[in-house]
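The values are calculated or read from the model by the stated rules, or taken from the named source; none is laboratory data. As the structure is a computational prediction, the values presented were derived from the model and not from experiment. Don't worry about glycine lacking a Cβ; one is built from the backbone with ideal geometry, like all the others, and counts go over all protein chains shown. Surface areas here come from the heavy atoms of the whole protein model, side chains and all, with no ligands, DNA or RNA. Shrake-Rupley method; radii C 1.70, N 1.55, O 1.52, S 1.80 Å.
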Amino acid sequence: MPSLTHLQRLEAESIDILREAVAESQRPVMLYSIGKDSSVMLHLARKAFYPSRPPFPLLHVDTTWKFRDMYAMRERAARESGMELIVHKNPEAEALGINPFTHGSAKHTDMWKTQGLKQALDLHRFDLAFGGARRDEEKSRAKERVFSFRSAQHQWDPKNQRPELWRLYNTRKNPGESIRVFPLSNWTELDIWQYIHLEDIPIVPLYLAAERPVVERDGMLIMVDDERFPLRSGETPKNKSVRFRTLGCYPLSGAIESTAATLPAIIQEMLLATTTERQGRLIDHDSSASMEKKKAEGYF
Amino acid sequence: MNTAFQSTDRALIETDIEQYLRTHENKSLLRFITCGSVDDGKSTLIGRMLYEAKALLDDQMSTLDADSKKHGTQGDELDFALLVDGLSAEREQGITIDVAYRFFSTDKRKFIVADTPGHEQYTRNMVTGASTADLAVILIDARKGVLTQTRRHSYLVSLVGIKHVVLAVNKLDLVGYSEQVFNEIDREYRAFIERLDGSIERVTSIPMAALRGDNIAEASTNTPWYTGPNLLEFLENVEIAASSTNAPLRMPVQWVNRPNLDFRGFSGRILGGSVKPGDAIRVLPSGKTSTVARIVSLDGDKAQGVSGESVTLTLADEIDISRGDVISSAHDPAGLADQFEATIAWLDETPMLPGRAYLVKTGASTVGGSISKPKYVVEVNTLDRLVAKTLNVNEVGVCTLTLDRAIAFDPYADNRDMGSFIVIDRLSNHTIAAGTIHFALRRSQNIHWQALEVDKAARARLNGHKPCVLWFTGLSGSGKSTIANLVERKLHALGVRTYLLDGDNVRHGLNKDLGFTAPDRIENIRRIGEVAKLMVDAGLIVLTAFISPFRSERKLARDMVGAGEFVEIFVDTSLAVVEARDPKGLYKKARRGELKNFTGIDSPYEAPDAPELHLETEKLNAEAAADSIVAELRARGVLGLHA
Ligand SMILES: Nc1nc2c(ncn2[C@@H]2O[C@H](COP(=O)(O)OP(=O)(O)OP(=O)(O)O)[C@@H](O)[C@H]2O)c(=O)[nH]1
Ligand SMILES: [Mg+2]
């Protein structure tokens, strides 16, 4: 009998998790952030439930500040999967015109993403949400269960997680509690890229190098993706061959100079790189132990 | 410290990334844990391993540097534990609270390592990590030796079925890299493992100083007396048992796939064996049978599904199947029962309440159930079995598990996924215990098999092989029991249901009223013949190992079972040879007249005229004789699916 390669094992495990979660919840939803991990997770969901459509909607918690290429990808993903797409924008943030330039990255992220997510989950009464987080991303993620519980206030209590044995997931929740499920828990960044390559999964083109208008700010290369970008005096966007290791709000995503325009080329660069993918995210630099704190407060 | 790790990988990445990706794709995966007592250096070891395997990048190193200055236990030196202890509470207290999963790869393998907490309070988190591991690295602080918690973790490791243990004798720098200390700990630990009758098959001890990296990725100059492998080298090369190729199919149905009225698929993960279109299956608990029509996937239909894969099957017949049912091989279906003997590890602060209604999740089904007062609780230090009224947090005991309805199962020793369960409290919804099934105590009564009579043929179908009697005959000391035992072991290994009747289990019970006079010898064989007949009817391959000296009684036994079901095996050893061997000194006694009616001396042995098999033991050793019997059964088509 042929034994499975590690990618086949990961795929099978993720599908197992997706099915188990769907079978044991009333109103599941998949958080779709348009990035590479979300793309893999969506692809796995299509495999898990084929020939049925994945029996849950996609939820995008929008900040209105994503790259234009990301919005295009979002529409394409919804169209191709045939799944319902729910886009939630925190109305309060919208009214106040929250943006990273005037309000800072911390406030921007908290209002649009953390609060926005809580609102959307409460509004639609979702009791289970799939997220594309991986344990290799960060130290506190490495500690999280596949089925992770949140209090009615969406809080994570890392000191009191349920035991999770074998592949027997206890999905029973107390009133008000909800579950975050991470089907990609055991995938690494390399696994994700290799799987995208093998399965030919569509991704946002920003992951591949191309000439793009960027300015250098606070030691990071920021892409000027639309006319809302307030240029400081003396700043003129320059065209550079760049790509992104992670995608979020464009004013907060640092680009790297690169000419890697194919998947194998970016995998090669990643393997030879000397820093992690989080390096390009402004949000992690805000404070140490910031991720655990954000998660305890309800950030995905 | 520089190491060879990833050097060839790195060169390949630079020169031929496509080739690297192909190689990497086919690497095997080893999942392991680190465990042991508080502060023995588990997290430090993992941190150091990540460092040695070059799995740490610049920004992680600079964070580690800063963290070490702030929270570190090593002054201005790097504190590698901080790479894994990712929760703020852990960093403040300098202990591990919950499992951390980390990932790295070398040229040969991919690794997922779970760093588990040593503190007794967090045993449940250690068990969480252990349940999915192939191997355990158990650490010991060389200054402290084997502690209670070392024993507890070793015991839990053996309960979850881990076969390989690496004993990492750590902090050797603090005892002057003493070989003697290492040897003493190694000896003491092995003595403990010997007495654990669990799954651990192999212990490899390595002297280490995790903090400094001794013997982690290369041989340390501080331990010139140690010639074994370093840790990474060992982990890269240790064999991981692949799932058995001829295990029977097991697939719990997780989700019924109904996109429209014309399609009805059953989605689940294959937890044993493999499946192909055309395979005969049986659904449990209903007992309904069908054949597999298609294995459906997004990339088109598949020709085969193997153990570990998540698949969607369609069947040839419209039968009612719902979530929690188990699709299994028709020839070798899973067991079905509602009461079990099980080992249970209690994980919750609130003690077990015998008889209370809990929820039990196994496979894809959750059913109501209760647990009896423990038969015994195991004291982890001494491994003594103690009487107990309940199970308290972190205690392990053997109990009876009774469920509200029958479930499909296999013993944990045969199939980890089909024989494990968790216990959930109905009020708090917490996972309060984990358990492994030994065997069923009561087969389910209300099984609705398909409308077939339960007869010999039906039992044979279920067993996947035909029943028969292997009747061994020959002089005392000719080798009947030795060969019969070997045959039974070989058949059992093939998955055949057997039973061996010999002097030990018959003379002391059923026939203890009989002596060795001729009439008693005849009655002895008649009874054995009757018992063998019942067992053949029950579908077993029965082995009988008695002198059975008279032709007429052997004929009687032969006539009790169907044609072709009686295989007479003449174990032919001459009187001169058995008398010379005389293992029990019986021939000497008989010659001296102290034993009456002894076959070959003062009672005749009538050799068979036309035995099915004639084994001349003076030309054939026992192993070869046993092999020839198994070959004969195979040739006769008795072994069916187990051939
Ligand atoms: N001298 C010396 N100190 C060590 C060695 N390994 C670990 N330590 C120190 O021992 C202490 C405990 O190490 P940890 O790695 O946190 O121990 P642990 O086993 O993970 O502890 P828990 O997870 O809380 O059970 C730390 O101060 C380490 O720096 C070693 O080989 N030599
Ligand atoms: Mg630790």
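A few points about this structure:
- Hits among lysines - C-alpha to C-alpha of B:LYS456 under 26 Å, sequence gap 8 or more where chains match: B:LYS288, B:LYS466, B:LYS490, B:LYS533, B:LYS555
- Counted charge near B:ARG294, where neighbours are those whose Cβ lies closer than 10 Å (Asp, Glu -1; Lys, Arg +1): 0
- Using only alpha-carbon positions in region B:457-642, the gyration tensor eigenvalues give semi-axes of 28, 19, 14 Å once each is multiplied by 5 and square-rooted (largest first).
- Label zone of B:ALA457 (point 7 Å out along Cα→Cβ, amide N under 14 Å): in region B:515-535 this covers no residue at all.
- The residue among B:GLY419, B:GLY397, B:ILE407 whose Cα reaches farthest toward the positive pole of the charge dipole of region B:337-443, with charges on the beta-carbon of Lys, Arg, Asp and Glu, is B:ILE407.
- Those aspartates and glutamates that a straight Cα-Cα span of less than 19 Å connects to A:LYS118, excepting residues fewer than 8 apart in one chain: A:ASP62, A:GLU92, A:GLU94, A:ASP110, A:ASP127, A:ASP157, A:GLU177, A:GLU292, A:GLU297
- FRET efficiency, 1/(1 + (r/R0)^6) with R0 35 Å, evaluated for B:THR221 and B:ARG10 via beta carbons: 0.85
- Taking Cα centre as origin and charging only the Cβ of basic (Lys, Arg, +1) and acidic (Asp, Glu, -1) residues, the dipole magnitude of chain B rounds to 2100 debye.
- Max-minus-min Cα coordinates of region B:281-389 on each principal axis give 55, 27, 27 Å, with the largest extent listed first.
- Among B:LEU174, B:ILE140, B:ALA590 - extreme Cα towards positive end, dipole of chain B, charges at beta-carbon: B:ALA590
- Cα-based shape type of region B:342-476, given that a ≥ b ≥ c are square roots of the gyration tensor eigenvalues and the cut on a/c is 1.5: oblate
- Distance histogram in 10 Å bins (all Cα pairs of region A:204-282, percent per bin): 19, 53, 24, 4
- Short to long, the 5 Å bins of the Cα pair-distance histogram for region B:250-329 hold 3, 17, 31, 32, 14, 3, 0 percent of all pairs.
- Cα gyration tensor shape of region B:3-237, rounded if a/c is under 1.5, else prolate or oblate by comparing a/b with b/c: rounded
- 9 Å beta-carbon shell around B:THR366, net charge (K/R +1, D/E -1): +1
- Residues in region A:157-199 occluded by at least 50 Å² - accessible area, probe radius 1.4 Å, against chain by itself: A:LYS159, A:PRO163, A:LEU165, A:TRP166, A:ARG167, A:LEU168, A:ASN170, A:ARG172, A:ASN186, A:GLN194
- By accessible area, using a 1.4 Å probe on protein heavy atoms only, region A:204-282 has 53% of its surface on carbon and sulfur.
- The GluC sites (Glu not before Pro) of region B:37-104 meeting both criteria, a DSSP state outside H, G, I, E and B (loop) and at most 13 other C-beta atoms within 10 angstrom of the site's C-beta, are B:GLU77.
- As a fraction of the 1.4 Å probe accessible area of region A:1-74, surface on carbon and sulfur atoms comes out at 43 percent.
- Loss of accessible area when B meets A, both sides summed, Å² nearest 100, probe 1.4 Å: 7000 Å²
- Pair B:SER428, B:ASN392: separation of 7 Å Cα→Cβ label points (nm): 1.6 nm
- Distance between modelled label sites at A:LYS159 and B:VAL577, nm, 7 Å Cα→Cβ extension: 7.5 nm
- The residues packed around A:LEU10, meaning those with a beta-carbon under 14 Å from its beta-carbon, carry a net charge of -1 if Lys and Arg are +1 and Asp and Glu are -1.
- Cβ-derived FRET efficiency at R0 22 Å, B:LYS512 paired with B:LEU595, nearest 0.05: 0.75
- In chain B, the portion of solvent-accessible area held by carbon and sulfur atoms comes to 50 percent [1.4 Å probe, whole percent, DNA, RNA and ligands not counted].
- DSSP bridge orientation in the protein assembly as shown - percent antiparallel, rounded to nearest 5: 60 percent
- Diagonalising the gyration tensor over the Cα atoms of chain A and scaling each eigenvalue by 5 before taking the square root yields semi-axes of 30, 24, 18 Å, largest first.
- Degrees, to the nearest 10: A:263-272 long Cα axis against longest axis of chain A: 90 degrees
- Pairs beyond 23 Å (Cα-Cα), from A:LYS143/B:LYS110; A:LYS143/B:LYS42; A:LYS139/B:LYS108; A:LYS143/A:LYS173; B:LYS42/B:LYS69; B:LYS375/B:LYS512: A:LYS139/B:LYS108; B:LYS375/B:LYS512
- Gyration tensor (alpha-carbon) shape descriptor, region B:477-518, a/c threshold 1.5: oblate
- Based on protein heavy atoms only, the protein assembly as shown ends up with 40 Å² per residue of surface accessible to a 1.4 Å probe.
- Hull volume per residue, based on the alpha-carbon atoms of region A:39-117 and their convex hull, is 98 Å³.
- Shown here are the Rg and Dmax of the Cα trace of the protein assembly as shown, at 32.5, 120 Å.
- Looking at chain B alone, DSSP beta bridges between its own residues are antiparallel in about 60 percent of cases.
- Once you reduce region B:573-643 and region A:194-230 to the center of their Cα atoms, the two points are 81 Å from each other.
- Measure of compaction for region B:144-272 (Cα Rg per 2.2 N^0.38 Å): 1.56
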